[in-house]
Amino acid sequence: MDFTLSDEQQMFADTARTLLGDTCTPDHWHKLMEQDAAFDAARWAQIVENGFAALLLPEAAGGMGLGELDFALIAIEAGYVALPEPLVESAGIGAPLLASVAPDHPALSDPAAIIAVAPAINPVVANADIAAAIVIEKDGHAFLTTPDKVRLTPVESIDPFRRLFRIEWDAANATDLGPADWGLAMDRAAVFAAAMGMGLAQRAVDLAVAYAKDRTQFGKPIGSYQAVKHHLASAQTAIEFARPMVFAAAAEVAHCDVQSRARASQAKIVALEAAEQAARASIQVHGAMGYSWEVDVHLFLKRALALKQSWGTPAFHTSRIATRVFSQPVGADQTFARESEHA
């Protein structure tokens, strides 16, 4: 596979990196935490203005009609800044799911509207309190409701920027939109969580490298010591190992077969393991400070751990990989073969 980015893809990634890097800084995180908030309306407005919220929507629904690989590049940048706003949950999963079953729904005409998703596999729902619409899975159907028609119970998250809720709802207060492709929603969620993990991991390493250059011990920077170099080199290696898996999974999401599902699951497992490894290495490089609120590395570890358990646990995704391994030929000549080619 050729993962060379097109000029348009590179432009989107660069725009997202600049926008999020300028608006989602440690100072902004601290202000939100002081206010016990997890959403910045001004930043969300800029995200919407730049078209990121409509990137996956078809042009007929007022979107840009781009693909999962394009969105994965944006998700990486969102992970790099530990973005509090639900760009991935709403624009990457909720909006395209709603568009597939109700392309004319009013919520899709407002690019700033947040679409929350409640799949059967997730016991809690993110951002349900600020959603314009909530799409709930039941018996393979998509039911549509709004926060005022359900009972929301807050659930504490390890990540201070993830607002989670349990939902109690009645079908009488929801609209049955019919069967929905929840498998595709799951695959998108897995791939975009993996992409966010890539960003989380890289930022954790970058924070550690910067600190290791400035912090001195015995008269020289701690980054000059081999033990520190090895920790960070191992973390960076894990990131580079995960990168092609994430891109390959994103490129194949639309196939919706055994192979693409296995790729999505593998990407989620490997990328979030890399994120956890990088964050823990960064915490260790920071020494005692790394275990305190004085530095921000803990935010990246918490987000990685939270994403690791959402939209399917590691055990669930391992089982999907096993289905691919035991149902189709394996080997070097089969690595990139499609399911139809085995028939």
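The values are calculated or read from the model by the stated rules, or taken from the named source; none is laboratory data. What you see is a predicted model, and the numbers here were worked out from it, not measured in a lab. Virtual Cβ from ideal backbone geometry, glycine too; neighbours counted across all protein chains shown. We work out accessible area using only protein heavy atoms, side chains counted, and drop any ligands, DNA or RNA first. Shrake-Rupley method; radii C 1.70, N 1.55, O 1.52, S 1.80 Å.
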Length gained if ALA60 through HIS30 is fully extended, taking 0.36 nm per residue and subtracting the Cα-Cα distance, is 6.8 nm
Given 37 °C, 0.692 mPa s and a Kirkwood radius over Cα pairs, the Stokes-Einstein diffusion coefficient of the chain in µm²/s is 158 µm²/s
Considering the options GLN236, PRO179, PRO26, tell which one lies farthest towards the positive end of the dipole of the chain, charges being +1 on Lys and Arg and -1 on Asp and Glu at the Cβ, about the Cα centre.
GLN236
What residues have an amide H closer than 5 Å to that of VAL117, excluding those fewer than 5 places away on the same chain, when H is modeled at 1.01 Å from N in the peptide plane?
ALA126, VAL135
Summing Lys, Arg as +1 and Asp, Glu as -1, what charge do residues with Cβ under 15 Å from the Cβ of ASP104 carry, ASP104 excluded?
-2
Dipole moment magnitude, nearest 20 debye, the chain about Cα centre, only Lys, Arg, Asp, Glu C-beta charged:
1240 debye
Using a simple spin-label model with points 7 Å from Cα along the Cα→Cβ vector, what separation in nm is obtained for CYS256 and ALA41?
3.8 nm
What does the charge count around HIS28 come to, taking other residues whose C-beta lies under 14 Å from its C-beta (Lys +1, Arg +1, Asp -1, Glu -1)?
-4
In whole Å, how far is the Cα centre of the range 241-287 from that of the range 39-99?
20 Å
What is the range 100-215's relative contact order, in percent, from Cα pairs under 8 angstrom and six or more apart in sequence?
21 percent
FRET efficiency for SER6 and LYS149, using Cβ-Cβ distance with R0 set to 56 Å, rounded to 0.05
0.85
Stretched fully, the stretch from LYS220 through THR23 gains (0.36 nm per residue minus C-alpha distance, one decimal, in nm) 67.5 nm
Using a Förster distance of 45 Å, the FRET efficiency for GLN284-ASP14 (Cβ separation, nearest 0.05)
0.90
Calculated FRET efficiency for the pair TRP293/GLU168, C-beta based, R₀ 51 Å, to 0.05
0.90
How many percent of the accessible area of the range 116-241 is carbon or sulfur, using a 1.4 Å probe?
54 percent
Near the amide H of ASP176, under 5 Å away, which other amide H atoms are found, from residues 5 or more places off or on another chain, if H is placed in the peptide plane?
LEU144
Over its alpha-carbon atoms, the range 235-307 yields an Rg and a Dmax in Å of 14.8, 47
In a Gaussian network model over the chain where Cα atoms closer than 10 Å are linked, find which of GLU168, GLU49, GLU89 has the largest mean-square fluctuation.
GLU168
